[in-house]
Amino acid sequence: MIKVEGLYKKLGDQPVLEDITFDVSEGEIISVLGLSGAGKTVLLKHLIGLFRPDQGRVIIDGVDIDSLNEEQLLKVRCNMGYLFQEGALYDFMDVFDNVAFPLREHTSLKPEEIAGRVREVLKLVDLDGVESKFPDELSGGMKKRVGLARAIVLGAKVLLCDEPTSGLDPIRSRDISDLIRHVSQQIGSTTVMTSHDVNNSFRIASRLIIINDCHIAAMGTAEQIKASQVPFVREFLQMSTV
Ligand SMILES: Nc1ncnc2c1ncn2[C@@H]1O[C@H](COP(=O)(O)OP(=O)(O)OP(=O)(O)O)[C@@H](O)[C@H]1O
Ligand SMILES: [Mg+2]
């Protein structure tokens, strides 16, 4: 469903990603881990065409997204959900309008159909009775859920979640991780998330990718990552697991 082949990216004169190659099969959940500044967000933004590779290719559902013009890219993006690291909710809109926004922008659904769909996804992310609240009235965990609802409201064959657990306590982190797994299964999405959270990544991801020094330091199932002999991976796991 997703293929990244030999991706190189420099930002300014700094290389950020070098020779990144991996695939994600349909229905998989992949977690991309690494230190702050490792390039996790930059990688995720390549998957939705917000960054374009200097070299290499990003193929989504058989289509090289670098070959698309803006209009074609928009169409592909309508099948993709993106949960931004900072949440990116509109502060001046209540929860209902935040979640309804993509439907109003990209579909010609009638108001009652929009309302039905918004309620359906808010239920799926376990949020009831908050439709008329504004983002600054919500806890961090609730904002992530609203962000997730907005990311999936158009239907997301590919779901990209940037640090869904950052800033949350251990219980909320586990809950949102489990929710991402539940939602991915319910909507049948192929999911790529980024995280610092090794334990929850082990918990929900079918495979993990650890990025260090612009490269993939390790990739595989939890068992394969735990057995890695790469010094950085061993140190990263020791620092991060409890
Ligand atoms: N738009 C940009 N222009 C220039 N440099 C950028 C841009 N976005 C990111 N970078 C640089 O790319 C590198 C990787 O950043 P990125 O945000 O992907 O890290 P990250 O792994 O997501 O970190 P964190 O865990 O803190 O979210 C950093 O050195 C950052 O300064
Ligand atoms: Mg990031």
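Need the failing condition index for E112 against (1) within 30 Å of I225 (Cβ to Cβ); (2) away from ligand 1 (no atom under 12 Å from the Cβ); (3) out of contact with any His (no Cβ under 7 Å at 6 or more places or on another chain), just the number.
(1)
Do we have any residue at all in the stretch 16-35 that's on the phi > 0 side of the Ramachandran plot and within 16 Å of ligand 2 (Cβ to nearest atom)?
yes
Among the numbered criteria (1) within 16 Å of ligand 2 (Cβ to nearest atom); (2) within 11 Å of I29 (Cα to Cα), which one does G147 miss?
Unmet condition: (2).
Pairs, please: C-beta under 7 Å, at least 6 apart or cross-chain, first residue more than 20 Å from A156 (Cβ to Cβ) and modelled with pLDDT of 95 or more and in the stretch 93-111, second aromatic (F, W, Y) and not in a helix (DSSP H, G or I)?
Close Cβ pairs (under 7 Å, with a partner that is aromatic (F, W, Y) and not in a helix (DSSP H, G or I)) amount to D94/F134.
Would you check if there is a residue in the stretch 137-154 being of a type in the set (S, T, Y) and surrounded by fewer than 17 Cβ atoms within 10 Å (Cβ to Cβ)?
yes
Which residues, counting only those in the stretch 203-234, are over 20 Å from L17 (Cα atoms), under 20 Å from the mean Cα position of the chain (by Cα) and surrounded by fewer than 19 Cβ atoms within 10 Å (Cβ to Cβ)?
Those that are over 20 Å from L17 (Cα atoms), under 20 Å from the mean Cα position of the chain (by Cα) and surrounded by fewer than 19 Cβ atoms within 10 Å (Cβ to Cβ): R203, S206, T221, A222.
So, in the stretch 154-163, exactly how many residues are away from ligand 1 (no atom under 16 Å from the Cβ) and either at pLDDT 95 or above or of a type in the set (D, E, K, R) (or both)?
3
Looking only at the stretch 43-59, decide whether some residue is of a type in the set (K, R), surrounded by fewer than 14 Cβ atoms within 10 Å (Cβ to Cβ) and assigned to a helix (DSSP H, G or I).
No.
Of everything in the stretch 181-206, what is within 16 Å of ligand 2 (Cβ to nearest atom), in a helix (DSSP H, G or I) and of a type in the set (A, V, I, L, M)? Give them in sequence order.
Once the filter is applied, which keeps residues that are within 16 Å of ligand 2 (Cβ to nearest atom), in a helix (DSSP H, G or I) and of a type in the set (A, V, I, L, M), the stretch 181-206 yields only V198.
The values are calculated or read from the model by the stated rules, or taken from the named source; none is laboratory data. Model, not experiment: these values are computed from the prediction. Note: ideal-geometry Cβ built from the backbone for every residue, glycine included; neighbour counts use all protein chains shown.
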